[in-house]
């Protein structure tokens, strides 16, 4: 298992962002769904070793990220796209991706080829020498994806990766993560249910910091039988699980 | 080029066979890697060798307050200070150098300032190491700029060797304290503006406090404070220990705030 979480909690003051989450995830594309404030980003930041959990145990790539040496090893094999990608406006696409390849401690001689491959994979080849300040939001998102995959990560964490992408790019992106999921664990946090339906082999739905559903997209779809809110079967499943969860909390 | 096959027309079948043998994507990636390759400058290559990390060297050269506009601004401010000192005899270099350096230090790293801070925190190159390397680099650059400005003003105080020595060197220790304070506040509060404000504010408070205390030592020219009196007061050897103590305390705060988190994570 590349991700093993046991009873992980994260609090910010009195607010419990993540509340006793236990998960074990192996290779494949894992979708993390949930409404705003469900705790997806906090969970992803913990998996990215940016945020420590308040309690519980985390194991990533069979290592304990609590130990500095192990954490460094994990980070070398990690790809992370944060929700808010910061960028240096004067950098070119290739320079930005190269910067993070170097920070990921890739051997210097492998970096140019890895950068070229990552930039090509997100279809930004023609804009490789363009300054980031000249790119659209969707293109910047793709730059973020390129830096995340540049080191060929074994654990890829993507927070809202399709935000700002046009439909054609989203289709290409889903193909890309399906390919990456053949050998790595890809965790995709998203609001867009259709991304999960087409790209993910497994899905977890979070609400109020808890995982309230875990299964395949088909199983989530099956939850929606008889539920009327939602445009697609998967959306109805999503809505039904959330409604049941809210009812349970209210009770 | 004696191979006759070069002159033969290529049939559709053989063209297809040829492209089957060559992975064009792979070829293109190799070409693109060469075309897009960035060639680091001599300084960056030297830093990479010294730091034993191309990533750390690259992070060093993307320090927001080491970028060209910052460097030019710092040089201009200190040059204006030196010119004013030459013209009016007021000791502006040592007065402004700690504040300029403190702002630069606070603006070297942190959330809200370094755009890629969140990403940097998930990188194997330690963000603490990046912070400290950038801090040292900004301090060194400002110290060199300040020393140059001080040396440029030597002529005005050639007759006063004590003041000359103070102008050239004595501000380094107060500058260290101001920079350390700026860094500690910036890291603890996670705000470059707060750090810069603390560094500059503390330095101004110190200068103004001494100005008020030593106001009796005016040169009688319209109440203008004696340059020598203020310089001596702020760079007094008795203050070296407090400056050093502030710098050490702030360094401890920085090290604590950026410690690698053990235990849970």
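The values are calculated or read from the model by the stated rules, or taken from the named source; none is laboratory data. As the structure is a prediction and not an experimental result, all values here were calculated from the model. Because the Cβ atoms are built from the backbone with ideal geometry, glycine has one as well, and the counts that use them run over all protein chains shown.
Taking the criterion of being under 14 Å from the mean Cα position of the chain (by Cα), touching a residue at least 40 places away in the same chain (Cβ under 8 Å) and more than 19 Å from residue A:33 (Cβ to Cβ), would at least one residue in region A:186-209 satisfy it? No, there is no match, as no residue in region A:186-209 is under 14 Å from the mean Cα position of the chain (by Cα), touching a residue at least 40 places away in the same chain (Cβ under 8 Å) and more than 19 Å from residue A:33 (Cβ to Cβ).
From the list A:82, A:153, which one is within 7 Å of another protein chain (Cβ to nearest Cβ), in contact with a strand residue (DSSP E or B) (Cβ under 8 Å, 6 or more places away or on another chain) and crowded, with 21+ Cβ neighbours inside 10 Å? Working first, answer last.
Details: A:153 fails: within 7 Å of another protein chain (Cβ to nearest Cβ).
Answer to the selection: A:82.
Given the structure, is residue B:33 within 12 Å of chain A (Cβ to nearest Cβ) and in contact (Cβ under 8 Å) with a residue 12 or more places away in the chain? Against the criterion (within 12 Å of chain A (Cβ to nearest Cβ) and in contact (Cβ under 8 Å) with a residue 12 or more places away in the chain), residue B:33 does not qualify.
Every residue, every condition in (1) out of contact with any helix residue (DSSP H, G or I) (no Cβ under 9 Å at 6 or more places or on another chain); (2) outside any strand (DSSP E or B); (3) farther than 17 Å from residue A:3 by Cα, yes or no:
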site	(1), (2), (3)
A:156	no, no, no
A:169	no, yes, yes
A:174	no, yes, yes
A:177	no, yes, yes
A:182	yes, yes, no
A:187	no, no, no
A:196	no, yes, yes
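Scoring residue A:134 on the criteria (1) within 27 Å of residue B:113 (Cβ to Cβ); (2) more than 7 Å from every other protein chain (Cβ to nearest Cβ); (3) touching a residue at least 12 places away in the same chain (Cβ under 8 Å) leaves a single failure, condition (3). Among the residues of region A:222-249, those that are surrounded by fewer than 20 Cβ atoms within 10 Å (Cβ to Cβ) and outside any helix (DSSP H, G or I) comprise A:225, A:226, A:227, A:228, A:229, A:230, A:231, A:232.
Listed by first and then second residue, the pairs with beta-carbon distance under 6 Å, at least 6 apart or on different chains, first residue in region A:106-121 and modelled with pLDDT under 90, second surrounded by 23 or more Cβ atoms within 10 Å (Cβ to Cβ), are A:108/B:54.
One line per residue, one yes/no per condition, for (1) over 15 Å from residue A:185 (Cβ atoms); (2) assigned by TED's automatic domain parsing to the domain that holds residue A:188:
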{"position": "A:7", "(1), (2)": "yes, yes"}
{"position": "A:11", "(1), (2)": "yes, yes"}
{"position": "A:26", "(1), (2)": "no, yes"}
{"position": "A:33", "(1), (2)": "yes, yes"}
{"position": "A:55", "(1), (2)": "yes, yes"}
{"position": "A:69", "(1), (2)": "yes, yes"}
{"position": "A:93", "(1), (2)": "yes, no"}
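Across region A:88-131, the number of residues qualifying as closer than 19 Å to residue B:55 by Cα, surrounded by fewer than 20 Cβ atoms within 10 Å (Cβ to Cβ) and within 7 Å of another protein chain (Cβ to nearest Cβ) comes to 5.
Summed over region A:23-72, residues that are part of a helix (DSSP H, G or I) and either more than 8 Å from every other protein chain (Cβ to nearest Cβ) or under 19 Å from the mean Cα position of the chain (by Cα) (or both) total 11.
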